[in-house]
Amino acid sequence: MIAALKSEYRKLFSTRMWWVLLLCAAGYLALMGAGIGALVGGFMGEADGAGPGADADGETGALGPGGLNVALMVYSMAGSLAYVFPLLLGALSITQEYRHKTITQTFLGEPRRLVVLAAKLIASVALGLVSGLVCVAATAGPGGLAMSLVGADPGFSDSDTWIFFARALLDFTLWAVVGVALGTLLTNQVAMIVVVLAVTQFVEPLLRTLPDILQEEWSWPKYLPGAAGDAVQGDTFYAVMSGGDSGLLPFGWAVVVLLAWALGLAAIGYLVKFRRDVS
């Protein structure tokens, strides 16, 4: 297992794909964080009638009208918008091997395919942490600076903010593991990218809004992977836009559900695809 893990880390961090994707994510999130931070921070203060970023008593703070934590809403864009990046990075760690035919050498070096899969899943933890650090920092830095410039409190002195950052890192880490599991099932790289973008950007958001559209009380949407990821992170842009009552799972159960998605997809992929002969 140790040799398999070393091999996976070399393959993950010796290519350009991971840092190119993260560079794109960082640039996108920096622009969004700064723009939304300035807009929302100033708007919430003006809504209180006491100037940009001020609360009802005329003091600057991170809370807007109704106790809305403006800072966490801005920072939550990292997980709400960029969780697709660790998902793709995790999946690419497998699909690239099938695309470039290096999976044959991998299986020759370690014939026990279950060990190979376990090594890839474990190695993705570091990939998820790195992507989480980059994306959270890229959002919080410019976002916090923008809020400070309009007079709002970026909340860096609040322990809740740092707890939120820790939960966001866990969220990114779990998504990287889910990505590896998905890559095990969808080994065709083009098909995997199409499915990931379609499901994360269209299918699941539609399914999660169906209860509101149809005015039904359904409990199953909160068990979808994206909803579980939002619950792991905590305060999310989706929850805020839903009025703060999005019916998400408790934190502990959300972690369990997202892990269940990862292990379930990995098990199906291993049984259906990973054990097949390769050429």
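Derivation of every value follows stated rules applied to the coordinates shown; laboratory data play no part. None of the values given here were measured: they were computed from a predicted structure. For neighbour counting, all protein chains shown are included, and Cβ atoms are generated from backbone atoms with ideal geometry for every residue, glycine included.
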Helix 251-269 vs. the chain, principal-axis angle (Cα, 0 to 90°, nearest 10) = 30
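If each residue of separation counts as 0.36 nm, what is the full-extension length gain between W19 and E216 once their alpha-carbon separation is subtracted?
66.6 nm is the gain from fully extending W19 to E216.
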Describe numerically, in nm with one decimal, the distance between label points set 7 Å from Cα along Cα→Cβ at L114 and at L259.
-> 1.9
Which is the longest stretch in the chain that no exposed loop site breaks, taking sites as trypsin sites (Lys or Arg not before Pro) with a DSSP loop state and at most 15 other Cβ atoms within 10 Å?
-> 113-274
Whats the longest run of the chain with zero chymotrypsin sites (Phe, Trp or Tyr not before Pro) that are DSSP loop and have at most 14 other Cβ atoms within 10 Å?
-> 1-155
Between the Cα axis of helix 189-198 and the main Cα principal axis of the chain, the angle (0 to 90°, nearest 10) is 30
Just from its helices, what would the mean residue ellipticity at 222 nm be for the chain, if runs of 4 or more DSSP H residues each count -39500 (n - 2.57) and the sum is divided by every residue, rounded to the nearest 500 deg cm²/dmol?
-> -23000 deg cm²/dmol
Find me the longest stretch of the chain that has none of the exposed GluC sites (Glu not before Pro), where exposed means in a DSSP loop (not H, G, I, E or B) with at most 12 other Cβ atoms within 10 Å.
-> 60-215
Assuming R0 = 22 Å, what is the FRET efficiency of F107 and A191, from their Cβ-Cβ distance, to the nearest 0.05?
-> 0.55
What angle, in degrees between 0 and 90 and rounded to the nearest 10, separates the Cα long axis of helix 204-214 from the longest principal axis of the Cα atoms of the chain?
-> 50
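Quick check on my link table: of K120/K222; K222/K273; K101/K222, which ones sit more than 32 Å apart, alpha carbon to alpha carbon?
K101/K222
Which whole-number percent gives the relative contact order of the chain, counting Cα pairs below 8 Å spaced six or more residues apart?
Reported as a whole number, the value is 25 percent.
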Under 5 Å, built H, 5+ apart or other chain: amide partners of N69 = G64
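When a footprinting reagent is the concern and you count Cβ atoms within 10 Å, what order do I94, I163, I213 take, fewest first?
I213, I163, I94
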Using θ = phi - 60° and the Karplus curve 6.51 cos²θ - 1.76 cosθ + 1.60, what whole-Hz ³J(HN,Hα) does each residue of the stretch 222-233 get, with Gly and Pro shown as x?
-> 6, 8, 5, x, x, 5, 5, x, 4, 5, 5, 5
